[in-house]
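The values are calculated or read from the model by the stated rules, or taken from the named source; none is laboratory data. All figures in this text were calculated on a predicted structure; none of them were measured in a lab. Cβ coordinates were reconstructed from backbone atoms using ideal geometry, including for glycine residues, and neighbour counts include every protein chain displayed. The area values use the complete protein model at the heavy-atom level, side chains included, leaving out ligands, DNA and RNA. Shrake-Rupley method; radii C 1.70, N 1.55, O 1.52, S 1.80 Å.
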Amino acid sequence: MTTATIAAPSNITPFAQNLKTQQPKQQTAKEAIAANVQALIEQLEQGHSEGLTAYLTAMGRFHNYSFGNILEIARQKPNATRVAGLHAWNQLGRKVKKGERGIRILAPVIGVHRKKDAEAEKGNRDQNQTILFGFRSAYVFDVSQTEGKDLPELSERVTGDVGESRERLVDFILAQGIQLEFNENIAPALGMSYGGRIAILPGQGEAEEFSTLVHELSHEMLHKAERRTATTKTMRETEAEAIAFVVGRTIGLSMGWASANYIHLYNGNAALLTESLEVIKQTASVILKALEQPTDKPGEDTTPEPQSENAA
């Protein structure tokens, strides 16, 4: 028997396992998500998996965007790789090509609620509160719709091989208090998740091993608590494989995951599918942030400046 165990680093903050599903804050956002999920259901029931594949790919490319906006980008421009508003592209020395149609997303409208004078006199430090008033339409454009100065390579992307992403992934796993070992006795399985311990079959290629690590980590993050009782084994395996697809595709690996029968796991239940897709998005986003360069500053879901749908 060959078993190797790796010690955990001390400089990484553990991830909170119980994910809280983020609910859209306005009906228009809910309606947009519902419409996109229904479109996925209809495509997959007809045997077409391209829409879901585009969505999962977009998860990795735009993991700092909200769940609903990732759906919007994937639906409107499945091959989008890097999006920004008109002003942002101009700042980068690029212009949107004439006649290009923008990708509509929902941007939050944030305002300040000012308290009355009587309340302000009480000396409350939080005199003015920032609140969400709703959402508005905003338009972004993919890099393929622009022309001008060459862009630098995205720092969080790895091309060709796993590179330093493996070491960062291992560090992240161990920082969660999860024991990692390489054990030949789990064969023919490539990996196993035991709840606080992951076992990996030694001798795999680096890309295959990386994907296996992400798959088993996804089980540890999602399927060892309350969510386990609300899902079937097939659904849990599909969620973990989808997360491995998103993360692997994002760092430049060639992924062969097939999604054609995904919807059948949910028996056409749009609410359950929506919850599953959002959980996949959240979990993949956390893992991808852990793989970023130490000097990278993780971005937020920014609010693009309002602009017209079509380029002038």
Hits in the range 202-217 - residues which are touching a Ser or Thr at 6+ places or on another chain (Cβ under 8 Å), buried (at least 18 other Cβ atoms within 10 Å of the Cβ) and without any contact (Cβ under 8 Å) to a residue 40 or more places away in the chain: Glu216
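Report yes if some residue within the range 219-226 is open to solvent by 50 Å² or more (accessible area, probe 1.4 Å) and farther than 18 Å from Phe67 by Cβ; otherwise report no. Walk me through it before giving the result.
Our first condition is that a residue be open to solvent by 50 Å² or more (accessible area, probe 1.4 Å); within the range 219-226, this holds for 224, 226.
Next, only the ones that are farther than 18 Å from Phe67 by Cβ stay: 224, 226.
Within the range 219-226, one or more residues are open to solvent by 50 Å² or more (accessible area, probe 1.4 Å) and farther than 18 Å from Phe67 by Cβ.
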Residue selected from the range 54-87 under the condition open to solvent by 40 Å² or more (accessible area, probe 1.4 Å) and assigned to a helix (DSSP H, G or I), by the criterion farthest from Met255 (Cα to Cα): His87
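Suppose we filter the range 41-50 for residues that are within 18 Å of Leu272 (Cβ to Cβ), at pLDDT 75 or above and open to solvent by 10 Å² or more (accessible area, probe 1.4 Å); how many remain? Talk me through it step by step, then tell me what you get.
Residues of the range 41-50 that are within 18 Å of Leu272 (Cβ to Cβ), as a first pass: 41-45.
Next, from what is left, pick out any that are at pLDDT 75 or above: 41-43.
Applying the additional criterion that residues be open to solvent by 10 Å² or more (accessible area, probe 1.4 Å) yields 42-43.
Here the count works out to 2.
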Residue that is modelled with the lowest pLDDT [pool: residues in the range 88-108 that are among the small types (Gly, Ala, Ser) and open to solvent by less than 20 Å² (accessible area, probe 1.4 Å)]: Ala107
Does the range 178-201 include one or more residues that are touching a residue at least 40 places away in the same chain (Cβ under 8 Å), closer than 21 Å to Ala242 by Cα and either open to solvent by 30 Å² or more (accessible area, probe 1.4 Å) or charged (D, E, K, R) (or both)? no
Kindly indicate whether Ile173 is in a helix (DSSP H, G or I), over 16 Å from the mean Cα position of the chain (by Cα) and modelled with pLDDT under 80. no
Can you find a residue in the range 243-254 that is surrounded by 13 or more Cβ atoms within 10 Å (Cβ to Cβ), hydroxyl-bearing (Ser, Thr, Tyr) and modelled with pLDDT under 85? no
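Table: residues versus (1) within 18 Å of Thr57 (Cα to Cα); (2) touching a helix residue (DSSP H, G or I) at 6+ places or on another chain (Cβ under 9 Å).
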| residue | (1), (2) |
| --- | --- |
| Arg197 | no, yes |
| Glu206 | no, yes |
| Glu209 | no, yes |
| Glu220 | no, yes |
| Lys224 | no, no |
| Thr232 | no, yes |
| Ile243 | yes, yes |
| Ser254 | yes, yes |
Filtering the range 227-242 down to residues that are free of Cβ contacts under 8 Å to residues at least 60 places away in the same chain and among the small types (Gly, Ala, Ser), which residue is surrounded by the fewest Cβ atoms within 10 Å (Cβ to Cβ)? Ala230
